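The values are calculated or read from the model by the stated rules, or taken from the named source; none is laboratory data. None of the values given here were measured: they were computed from a predicted structure. For neighbour counting, all protein chains shown are included, and Cβ atoms are generated from backbone atoms with ideal geometry for every residue, glycine included.
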Amino acid sequence: GTAARDGEPRPGGPADSPFIRACRRRPVPHTPVWFMRQAGRSLPEYREIRASVPMLESCRRPELVTEITLQPVRRHGVDAAILFSDIVVPVAAAGVDLDIVPGTGPVVAEPIRTAADVERIRPITRDDVSYVDEAVRQLVVELGDTPLIGFAGAPFTLASYLVEGGPSRTHAKTKALMYGDEALWHALCGRLAEVTLAFLRVQIEAGVSAVQLFDSWAGALSEADYRRYVLPHSTAVLSGLVNAGVPRIHFGVGTAELLGAMGEAGADVVGVDWRTPLDVATHRIGSGKAVQGNLDPCVLLAPWPVVEAEVRRILAQGAAAPGHVFNLGHGVLPETDPEVLTRVVALVHELSSRRVDQ
Ligand code: 1CP
């Protein structure tokens, strides 16, 4: 972007938006809100586009990426867009043979087992993901003052799909490799960190206003194992972006025991799932970081008075943090009524803009 990266951002531009201000722990006119998986199957307009286009193909067509990314911004009035893509997109661009299978998720043709398998994951350049570069550039124009979030999967979560060959509840094969061949594990995660860092740099150069590193499944590990096997690699990604000029968000599920360590990985904002109240999370993460979260996505299926009470509680607990971005504790469920999401955005804005001069 053209915003002055060292000084104050252009007034009114995306870098001066409530979302980016909250990430940077600056005063905000209202608490910003967006939803993980806000683009997706909860929206009929998304299902219509995707009816005839496979998932990975839709991620590689800039005009579809742009349209799908804009849908929840138009419909809900969220404070940020998130690029429509998937965490396996850069891994496929790096040469791994995989597909996203409807009803299952990512499926890898030949799961990673050996050093030779790791070597076949090539470093990527902008040309390998030119469709992402193009989509981001289009979106930045279309979005105007609304910030666009870029994202990537963190090394552990990517490694889990590559080693298991698909989604896993226990991550047993992944842990077997991690405990059984530590050198190979670090080689794999080192290579994935390079791919992820390159992928995020492409998005930043194309103009995203923030990035989120998803380590969705890191909560499967103890803190000691997280520190030994995962933290160095996530730190390599996040610290590689320290001078990139955009806030970095780091998120995982089931991470109550890992919040301190995840904060140490170098993010500006730590995402929290619904299991840990935001005031407790703020204390665990330590000073100098904003928090993001943390409404249980299942609460959106409850009657409105329940939703409203939970939104109030989360705003009150989030006020303990030096910056709060309202979000869910994980992604929107496909069965969610989109009108409830729109109401939540309006409610967060209304309740938080009443709290003046805190
Ligand atoms: O047919 C469909 O609609 C496919 C469902 C789908 C969608 C909409 C998948 C397959 N990926 C996506 C898009 C997607 N993936 C986004 C879009 C932007 C937005 O949030 O609006 C994002 C950020 C992701 C990232 C992603 N993919 C993560 C990290 C976030 C999280 O939810 O934890 C993970 C773990 C994936 C893997 C994945 N891709 C798709 C599925 C069904 C899964 C999960 C499978 C599993 O249970 O392991």
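Which ranges mark the helices (runs of 4 or more DSSP H) fully within region 53-125 that have 1 or more residues being farther than 28 Å from Val33 by Cα and within 18 Å of the chain's Cα centre (by Cα)?
89-93
List, please: which pairs have Cβ atoms under 7 Å, are six or more places apart or on different chains, and start with a residue in region 84-112 that is more than 13 Å from Gly166 (Cβ to Cβ) and end with one that is within 7 Å of the ligand (Cβ to nearest atom)?
Final answer for the pair search is Phe84/Ala39; Asp86/Met55; Asp86/Ile100; Ile87/Gly153; Ile87/Thr157; Ile87/Phe214.
Could you check region 175-231 and list, in sequence order, the residues that are in contact with an Asp or Glu (Cβ under 6 Å, 6 or more places away or on another chain) and either within 16 Å of the ligand (Cβ to nearest atom) or under 17 Å from Val89 (Cβ atoms) (or both)?
Correct list: Val202, Ala206.
Tell me which of these Asp86 doesn't satisfy, since it passes every other one: (1) more than 14 Å from the ligand (Cβ to nearest atom); (2) within 18 Å of Val211 (Cβ to Cβ); (3) of a type in the set (Asp, Glu).
The number of the failed condition is (1).
Just checking, how many residues over region 31-51 are of a type in the set (Val, Ile, Thr) and near the ligand (Cβ under 9 Å from one of its atoms)?
Number of matching residues: 0.
Are there any pairs with C-beta distances below 9 angstrom linking a residue in region 279-292 that is within 16 Å of Gly266 (Cβ to Cβ) and modelled with pLDDT of 95 or more to a residue that is among the small types (Gly, Ala, Ser) and part of a strand (DSSP E or B), with the two at least 6 apart or on different chains, and if so which?
Qualifying pairs under 9 Å: Val291/Gly271; Gln292/Gly271.
Are any residues in region 197-235 assigned to a helix (DSSP H, G or I) and in contact with a His (Cβ under 9 Å, 6 or more places away or on another chain), and if so, which ones?
Ala220, Tyr229, Pro232, His233, Ser234
Would you mind finding the one in Gly271, Gly252 that is modelled with pLDDT of 95 or more, surrounded by 19 or more Cβ atoms within 10 Å (Cβ to Cβ) and in contact with a Phe, Trp or Tyr (Cβ under 6 Å, 6 or more places away or on another chain)?
That would be Gly271, the only listed residue that is modelled with pLDDT of 95 or more, surrounded by 19 or more Cβ atoms within 10 Å (Cβ to Cβ) and in contact with a Phe, Trp or Tyr (Cβ under 6 Å, 6 or more places away or on another chain).
Going by what's in this entry, would Tyr131 be described as more than 10 Å from the ligand (Cβ to nearest atom), crowded, with 16+ Cβ neighbours inside 10 Å and among the aromatic types (Phe, Trp, Tyr)?
For Tyr131, the condition - more than 10 Å from the ligand (Cβ to nearest atom), crowded, with 16+ Cβ neighbours inside 10 Å and among the aromatic types (Phe, Trp, Tyr) - is met.
Would you mind stating whether Pro54 is out of contact with any His (no Cβ under 9 Å at 6 or more places or on another chain) and within 16 Å of the ligand (Cβ to nearest atom)?
yes
Looking at (1) touching a residue at least 40 places away in the same chain (Cβ under 8 Å); (2) surrounded by 15 or more Cβ atoms within 10 Å (Cβ to Cβ); (3) out of contact with any His (no Cβ under 7 Å at 6 or more places or on another chain), which is the only condition Glu335 fails?
With respect to (1) touching a residue at least 40 places away in the same chain (Cβ under 8 Å); (2) surrounded by 15 or more Cβ atoms within 10 Å (Cβ to Cβ); (3) out of contact with any His (no Cβ under 7 Å at 6 or more places or on another chain), Glu335 is out only on (2).
Can you tell me how many residues within region 131-171 are over 18 Å from Val96 (Cβ atoms), in a helix (DSSP H, G or I) and either without any contact (Cβ under 8 Å) to a residue 40 or more places away in the chain or not basic (Lys, Arg) (or both)?
Final tally of qualifying residues: 10.
Could you give every pair whose Cβ atoms fall below 6 Å, whose first residue belongs to region 14-35 and is part of a helix (DSSP H, G or I), and whose second residue is among the charged types (D, E, K, R), counting only separations of at least 6 or pairs across chains?
Pro14/Asp145; Pro18/Asp79; Phe19/Asp79; Cys23/Asp268
Every residue in region 146-170 that is in contact with a Phe, Trp or Tyr (Cβ under 6 Å, 6 or more places away or on another chain) and more than 10 Å from the ligand (Cβ to nearest atom), please.
Of everything in region 146-170, just one residue is in contact with a Phe, Trp or Tyr (Cβ under 6 Å, 6 or more places away or on another chain) and more than 10 Å from the ligand (Cβ to nearest atom), namely Pro147.
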